[in-house]
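To start, the structure itself, in structure tokens.
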């Protein structure tokens, strides 16, 4: 499979996430669209790791090139899990204070 | 057309369609369910690329833990379709046009790069197996791995402190 297909798939997923962030007002949906963008980037990283592995295989049949990229994706997932827990706690606190998750009410970050 | 290509296009269509449904659903619970479908499709892509460990981690961490957390928060707040405020029509249109322009620029820039001749190794290659990843993770990347445990501890403390009632 050419790498271009994966690039365009990841670009399309990322842009759908961007459109979601720009057009929705619900803070939770915006947060979900950010997760979608993160996943698009992860998919592209793995596709590039397999591309790099294939081109390294031509030189050395025993190569392990490309393993690091998959570990980077693993670390991105670790950081995303931590980020989601803190972000959702912030959204819950915000909802408790102003009884809404509408981002238009939050443009001054005070109430 | 090989079975790999058929699977690739099927999973891509599934991922894009579910991602579009995430941003077009009025009900936040439906959005979460469509996002879970998107994550399953992306996990299918990982399996197609023979990155088996990351496929399972993606399912467990994203489709399992994170999405259950989202569902839990949405049900805690009792959100549904008619409570969500809508942006006005022109702002929505401006957002869609801005996102479409970003897509257009990226596709136009990447359309004719020399990378087009490179291929991705599908369905074989052993770098995505847990044995190889574990060997590298616990030999060369053991310090970042341990630091990520500190990150988790601080995230847990932060979530508890922020979510605590009263102050």
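The values are calculated or read from the model by the stated rules, or taken from the named source; none is laboratory data. Just so you know, these numbers come straight off a predicted model, no measurement behind them. Backbone-built Cβ (ideal geometry, glycine too); neighbour counts: all protein chains shown.
None of A:73, A:92, A:11, A:21 is touching a helix residue (DSSP H, G or I) at 6+ places or on another chain (Cβ under 7 Å) and within 19 Å of residue B:148 (Cβ to Cβ) except A:73. Contact map, the stretch B:130-141: residues that are over 11 Å from residue A:71 (Cβ atoms) paired with residues that are part of a helix (DSSP H, G or I), Cβ distance under 7 Å, separation 6+ or inter-chain. Pairs shown: B:130/B:53.
Residue B:130 meets all of the listed conditions (1) more than 24 Å from the chain's Cα centre (by Cα); (2) more than 10 Å from chain A (Cβ to nearest Cβ) but one, namely (1). Restricting B:108, B:99, B:95 to residues that are more than 9 Å from every other protein chain (Cβ to nearest Cβ) and within 25 Å of residue A:15 (Cβ to Cβ) narrows the list to B:108.
Per-residue answers, yes or no, for (1) buried (at least 17 other Cβ atoms within 10 Å of the Cβ); (2) touching a residue at least 24 places away in the same chain (Cβ under 8 Å):
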| residue | (1), (2) |
| --- | --- |
| A:2 | no, no |
| A:6 | yes, yes |
| A:11 | yes, yes |
| A:15 | yes, no |
| A:25 | yes, yes |
| A:32 | yes, no |
| A:69 | yes, yes |
| A:89 | yes, no |
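The number of residues in the stretch B:5-45 that are more than 22 Å from residue A:26 (Cβ to Cβ) and either surrounded by fewer than 16 Cβ atoms within 10 Å (Cβ to Cβ) or not assigned by TED's automatic domain parsing to the domain that holds residue B:69 (or both) comes to 5. Could you tell me whether any residue of the stretch B:69-78 is within 14 Å of the chain's Cα centre (by Cα), surrounded by 15 or more Cβ atoms within 10 Å (Cβ to Cβ) and assigned to a helix (DSSP H, G or I)? Yes: one or more hits. In the set (1) more than 8 Å from chain B (Cβ to nearest Cβ); (2) out of contact with any helix residue (DSSP H, G or I) (no Cβ under 7 Å at 6 or more places or on another chain); (3) more than 30 Å from residue B:157 (Cα to Cα), residue A:57 fails one condition alone, (1).
Comparison of A:97, A:42, A:107 shows that the only residue that is free of Cβ contacts under 8 Å to residues at least 12 places away in the same chain and either more than 9 Å from every other protein chain (Cβ to nearest Cβ) or closer than 28 Å to residue B:42 by Cα (or both) is A:107.
The condition of being out of contact with any strand residue (DSSP E or B) (no Cβ under 7 Å at 6 or more places or on another chain) and within 23 Å of residue A:79 (Cβ to Cβ) holds for only one of B:38, B:4, that being B:38. Going by the conditions given, is residue A:19 more than 7 Å from chain B (Cβ to nearest Cβ) and in a helix (DSSP H, G or I)? In short, no. Considering the stretch B:1-61, the qualifying helices (runs of 4 or more DSSP H), each wholly inside and each with 3 or more residues that are at pLDDT 90 or above and within 7 Å of chain A (Cβ to nearest Cβ), run over B:3-24, B:28-48.
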